[in-house]
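Following: one structure in structure tokens, then a few remarks.
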Amino acid sequence: MTENFYLARQAIVDNNEAILGYELLYRNSEKESNFDNPRHATSSLLVNVLNQSGLNSIVGESLAFINVDYSFLRHDFIESIPPKTFVFELSVEEDKKGRLLESVERLHNKKYVFSIDMSSLQDLQEVKVLAPYLFFVKVDISTVAKEDLKIVVRELKQFPLIVIASKLEDEETFLICQEAGFDAYQGYFFAHPKIIKDKKLNTNQITLFKLCNVLRSGISIPEMVQVFEESPNISMQLLRFINSAAFHFKNPISSIHQVITLLGRNHLVQWLMLLLYSKNFSNKVKYQDQLIVMVKQRTLIMVNLMKFIYRNSSQKEQSEAYFVGILSLMNALSGVPLRDILIEFHVDDRVQDALFDHKGFLGKLYDVAIAVEQFDTTVIDEFLDEYQVSKADFETLMLDVFKDAIEFETASTSQK
């Protein structure tokens, strides 16, 4: 690529807890040359995504939402993109200039798909003008008064629109939006811990943590097999998990001995930890499928960055990076404080320092993983500068992460 981008994606989920699509967030990676021409920025990104990595490797079969402006709609380039490849996301502010209607109507008639962002009750007038040519409307929950939400949804539902609540960051607001009648939601409300007083880990979770502790203690393979035999429920769940499409084994795995031989001790512990997020294993929480994909992406970013920066990093060091990522959302999954969880699962001080205080190299990897989710490019810039990682290498690494995360997401949902 001649230009490198920071690219991130945020899931949009519907009332059935399925992923409706992803919004693609992007910025030119050169701090000194932010694009003066938004059309050029969008065109360059689309060329890169479509030609270099392929859209499916970033969003799978889901919809891809991307922000565009009036100048992009007026450019011939848009018609070189097959209709329905992207959802082109517009701003009400552009429409207030009276420039969008003609272009949106023309492209809608050619089967292009549009969404629009609104940020106040007063935006309804402009949205209604464009509504016949839209599929989606996004409502910015951070700026629309909560008491106006039902009015907004009721007015929009006069048209065959899918109404999305965006910038949704906590469960309380999610419940208000659900009651107001929204169809879908964008934000990390499902990843915020809802700690329940006096709640404890369940028996399955405690057993699995103890099993991981034993496996990491250096026991032999026959001893490991014996430990699994003493936990038949976990053994059965692990075999089912290993034989899912999330793995790429040609032949079914039929015994724990095979699992240990094929995966090795460290990877076995890592996959056991990921099993904690499985609906078949843990108590179900809202939007759990998105939680497991999110934690998978965090671990991929942290481990892959460690391996890239420190080519000779040990399996133990890589496992520590994995544990920070996998444990970082365990309180959101369980409703139990993370410090209580770490009473059951023994980790080094470095892992605890990273999780609680963001200290050390592991803490910095953790910060980058979160920065990717929140699209905080300042944190990413500082990390890449400190560890001398080029923008091109980081872009390639992130495209690989998205590809692996999408493959995992597809495999996980195919098990249902």
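Quick notes
- Flag for residue 308 being among the aromatic types (Phe, Trp, Tyr) and either under 18 Å from residue 205 (Cα atoms) or not in a helix (DSSP H, G or I) (or both): no
- When residues in the range 192-204 are screened for being in contact (Cβ under 8 Å) with a residue 12 or more places away in the chain and either buried (at least 19 other Cβ atoms within 10 Å of the Cβ) or over 18 Å from residue 338 (Cβ atoms) (or both), 2 of them pass.
- Within the range 143-152, restricting attention to residues that are in a loop (DSSP other than H, G, I, E, B) and either modelled with pLDDT of 95 or more or not hydroxyl-bearing (Ser, Thr, Tyr) (or both), the residue that is surrounded by the fewest Cβ atoms within 10 Å (Cβ to Cβ) is 145.
- Some residue of the range 293-308 being in contact with an Asp or Glu (Cβ under 6 Å, 6 or more places away or on another chain) and either modelled with pLDDT of 80 or more or surrounded by 15 or more Cβ atoms within 10 Å (Cβ to Cβ) (or both): yes
- Test: residue in the range 188-207 that is among the hydrophobic types (A, V, I, L, M, F, W, C) and under 19 Å from residue 319 (Cβ atoms): no
- The set of residues in the range 110-142 being among the basic types (Lys, Arg) and either assigned to a helix (DSSP H, G or I) or within 28 Å of the chain's Cα centre (by Cα) (or both) consists of 128, 138.
- The lone exception for residue 377 - which of (1) buried (at least 17 other Cβ atoms within 10 Å of the Cβ); (2) within 18 Å of the chain's Cα centre (by Cα); (3) free of Cβ contacts under 8 Å to residues at least 12 places away in the same chain it fails: (3)
- Verdict on residue 182 being in a helix (DSSP H, G or I), modelled with pLDDT of 80 or more, surrounded by 14 or more Cβ atoms within 10 Å (Cβ to Cβ) and not assigned by TED's automatic domain parsing to the domain that holds residue 331: no
- In the range 253-264, residue farthest from the chain's Cα centre (by Cα) [restricted to those that are surrounded by 16 or more Cβ atoms within 10 Å (Cβ to Cβ) and in contact (Cβ under 8 Å) with a residue 24 or more places away in the chain]: 256
- Here residue 212 clears all of (1) in contact (Cβ under 8 Å) with a residue 60 or more places away in the chain; (2) not assigned by TED's automatic domain parsing to the domain that holds residue 273 except the condition numbered (2).
- Residue ranges of helices (runs of 4 or more DSSP H) in the range 30-86 with at least 3 members more than 19 Å from residue 398 (Cβ to Cβ) and at pLDDT 80 or above: 70-74
- Test for residue 324: is it part of a helix (DSSP H, G or I) and either surrounded by 18 or more Cβ atoms within 10 Å (Cβ to Cβ) or basic (Lys, Arg) (or both): yes
- Scanning the range 382-403 for residues that are crowded, with 16+ Cβ neighbours inside 10 Å and in a helix (DSSP H, G or I) gives 383, 384, 391, 394, 395, 396, 397, 398, 399, 401, 402, 403.
The values are calculated or read from the model by the stated rules, or taken from the named source; none is laboratory data. Bear in mind that the values here come from a model prediction, so they are computed numbers and not experimental data. Please note: Cβ atoms are built from the backbone with ideal geometry, for glycine as well, and neighbour counts cover all protein chains shown.
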